[in-house]
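Readers should treat all values here as calculations from the given coordinates under stated rules, not as data from a laboratory. Just so it is clear, the model here is predicted, and its values are computed rather than measured. Using ideal geometry, Cβ is built from the backbone for each residue, glycine included, and neighbour counts are taken over all protein chains shown.
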Number of protein chains: 2
Amino acid sequence: MSKPLILVTNDDGITAPGIQKLIALARQIGEVVVLAPDSPQSGMGHAITVGDTLRLKPNQMFDGIEAYECSGTPADCVKLAKHYVLKPRKLDLVLSGINHGSNTSISILYSGTMSAAIEGAIEGTPAIGFSLCDFSHKADMSHVDEWILKIIRETLERGIPKGIALNVNIPPRQQEPLKGIKICRQANARWEEEFDRRIDPHGREYFWLTGNFINHDKGEDNDEWAIANNYISVVPCLFDMTGHHVISRLNDDWDI
Amino acid sequence: MSKPLILVTNDDGITAPGIQKLIALARQIGEVVVLAPDSPQSGMGHAITVGDTLRLKPNQMFDGIEAYECSGTPADCVKLAKHYVLKPRKLDLVLSGINHGSNTSISILYSGTMSAAIEGAIEGTPAIGFSLCDFSHKADMSHVDEWILKIIRETLERGIPKGIALNVNIPPRQQEPLKGIKICRQANARWEEEFDRRIDPHGREYFWLTGNFINHDKGEDNDEWAIANNYISVVPCLFDMTGHHVISRLNDDWDI
């Protein structure tokens, strides 16, 4: 059997340590092609480049791996890989990450890492976004290998339903080894924003977005609980955002 | 009873005709504050500004209306309004749009218009994104008034469940009047991308993202069907992206 064709991308940019780790793991399993942003794209959500041009350049960073850097967003990278660079090769898996920082709970909406994975799912390709819950680019990633390999193998061998991308978060390295994997729902948590108002040298005001993460969730079946208890969280994510349970309620309540 | 406090924003920028129409309608119902991007932000998805500063400037465009323009994304605008500009006033409704162009089906993921509405829902405020299925900034919007007023009033009077934002799409002006409102699910459709490869004057290649919208959905309860049949579509949208029905399947299938 031929090796699966795996696209690796991320949102921290092609030079980030996280993508290097993910490439090293993915090449143990399949034929890897890298197409990643040429600069950091954190917080880009599911942005795509519609009013501007895209640049694409071959990259020689990874020994023996076909790699490209792109001026666009993570979602652009997946589109460009699937519909231009890899054409007509059949893509078997999209991997995004390893993100430097958590993408649990509501952060999935703002996450460039997950937008690449969700773009893969939209295109009908199994897709996984990996994030390490440690923002440092120097974070110890020595505990992730066996688990990431396991999740990639389960995804390729047993599959995930169409229309689903996996949001995988991994606790930071601790003294205790990781306890295992939990299939979770997205926790009910959000950012409580604050704006840090400052004055520039020309006397004009500007703002930095800042804030605190507030977890309102009291359950144990969610990704925040899993990470807090040293489990890897795996949340199956939809791109159908319809609140199906609300349709009948609006039809009942509203005078239309 | 005091008038409801309504934030109006958009993704086409504060000078777009669509937001002017929405402001004119919203002020018939409530006290309006405008905080919108100072330039077009289409395709920004749920991007937020994390690595850069935000600028905020008072804007005098709208007679008798408190208005601001912001250098950030639509999601930034909602955060900045709620947590800085309007504080400690209680915000009753977030309105986003009227977008110049459709945001049906999968486009919700890429839509700056809907990211502002979803940001409102995350913050616990009822929120509606309006889009007119006509990309022209000169589009005839004379058919939308009564329907937008009706949807705003239903939302304020009868409410929508917590955690839900409404994605409202309005067919372009046609000879026949609009047939009414349909509460819908997001259609199963997607963009089939193509990349238009060109060479710049310096001999370097670049790409334009282009493509065709492909509707795979055969049902009649979705937003694409509604628009094609001259109904206004209202899709209740979640920010919980968990595929809850998949959790048990992964727990069964996977060896974890």
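Some observations on this one:
- Considering only B:Val34, B:Val94, B:Val85, the Gaussian network model of chain B with Cα springs below 10 Å gives its largest mean-square fluctuation to B:Val85.
- Most positive-pole-ward Cα, A:Gln20, A:Trp208, A:Cys133, against dipole of chain A from beta carbon charges: A:Gln20
- Beta bridge orientation in the range A:1-133: antiparallel %, DSSP, nearest 5: 15
- Averaged over peptide B:150-160, the number of partner chain Cβ atoms lying within 10 Å of each residue's Cβ comes to 3.
- Taking B:Leu93, B:Leu209, B:Leu54 as the candidate residues, the one with maximal mean-square fluctuation in a Gaussian network model of chain B, Cα springs under 10 Å, is B:Leu209.
- When the Gaussian network model of chain B links Cα atoms closer than 10 Å, the mean-square fluctuations of B:Glu220, B:Glu205, B:Glu66 top out at B:Glu205.
- Long-range amide H partners of A:Gly211 with built H, under 5 Å: A:Glu194
- Partner aspartates and glutamates whose Cα lies under 14 Å from the Cα of B:Lys79, excluding those fewer than 8 positions away in the same chain, are identified as A:Glu192, A:Glu193, A:Glu194, A:Asp196, B:Glu69, B:Glu119, B:Glu123.
- In this structure, the residue pairs whose Cα-Cα separation is over 30 Å, taken from A:Lys218/B:Lys218; A:Lys90/B:Lys218; A:Lys218/B:Lys182, are A:Lys218/B:Lys218; A:Lys218/B:Lys182.
- Annotation: peptides A:242-248, B:46-52, ranked by per-residue average of other Cβ atoms within 10 Å with the highest first, follow the order B:46-52, A:242-248.
- For the residues of B:229-241, the average number of beta carbons from a partner chain within 10 Å of their own beta carbon is 6.
- Each Lys and Arg contributes +1 and each Asp and Glu -1, all at the Cβ; summed about the Cα centre of the range B:129-256, the dipole is approximately 400 debye.
- Cα-based shape type of chain B, given that a ≥ b ≥ c are square roots of the gyration tensor eigenvalues and the cut on a/c is 1.5: rounded
- Residues whose amide H comes within less than 5 Å of that of B:Asp217, counting only those at least five positions distant or on another chain, are B:Asn188 (H built at 1.01 Å from N in the peptide plane).
- Peptide B:209-221 - average C-beta neighbours from other chains (10 Å radius): 1
- Other copies of A:Leu5: label-to-label distances in nm, shortest first, labels 7 Å along the beta-carbon direction: 5.5
- For the protein assembly as shown, the Cβ-based charge dipole about the Cα centre amounts to some 80 debye (Lys, Arg positive; Asp, Glu negative; other atoms uncharged).
- Phi angles across the range B:93-104 convert, under the Karplus curve 6.51 cos²θ - 1.76 cosθ + 1.60 with θ = phi - 60°, into 3J(HN,Hα) values of 7, 10, 10, 10, x, 5, 5, 8, x, 5, 10, 6 Hz, Gly and Pro given as x.
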